[in-house]
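Scroll down for the structure; my scribbles are underneath it.
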Amino acid sequence: MNREKTQPDCVFCKIASGEIPAKIIYRDDEVFAFPDINPITPVHILVVSIKHITSLAEMPDKETPLAGKMVRAANQIAREQGIAKSGYRLTINSGADAGQLVPHLHMHLMGGRHLDWKH
Ligand code: 5GP
Ligand code: ZN
């Protein structure tokens, strides 16, 4: 389980600490957010836990309120980005079949165009 708060070789922990630069557009005591480096939609923001949790599957039950805080932050950012009315999608990839690349809990906030739904 994830007992450490940060992982020294984790890209999102390094962004949280400022070691890797990113345009931080939101930060509170548990969540921060920045644009995805490789956006697939006109608005593509990563909403990330500050604490290092490897994945949704590895999230301890006691940490589930954190998921609500990530949704709350994403909703606020969606309003700020002007996509709250046009629509947006929140996605958390967990594990290999979902295509999770970065093993640190994060949510994709995507919008700014019509999003297809195919898997
Ligand atoms: P995953 O596939 O794990 O759900 O998504 C990871 C996302 O992180 C990808 O969309 C990828 O483009 C993004 N990403 C990976 N490394 C960096 C980085 O150093 N900076 C930023 N801004 N995004 C990153
Ligand atoms: Zn991390």
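See the values below:
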| quantity | calculated |
| --- | --- |
| Surface/4 of the Cα convex hull for segment 39-82, nm² | 3.7 nm² |
| Mean ellipticity per residue at 222 nm, deg cm²/dmol - from DSSP H runs of n ≥ 4 across the chain, formula -39500 (n - 2.57) | -6500 deg cm²/dmol |
| Degrees between helix 64-80 axis and first principal axis of the chain (Cα, 0 to 90, nearest 10) | 40 degrees |
| P(r) of segment 1-63 over all Cα-Cα pairs, binned every 10 Å from zero, in whole percent | 20, 51, 26, 2 |
| Rule-of-thumb Rg ratio for segment 6-119 [Cα; 2.2 N^0.38 Å; N residues] | 1.02 |
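Read-outs: derived from the displayed coordinates by stated rules, not from any lab. Note that the coordinates shown come from a computational prediction; the quantities given were computed from them, not determined experimentally.
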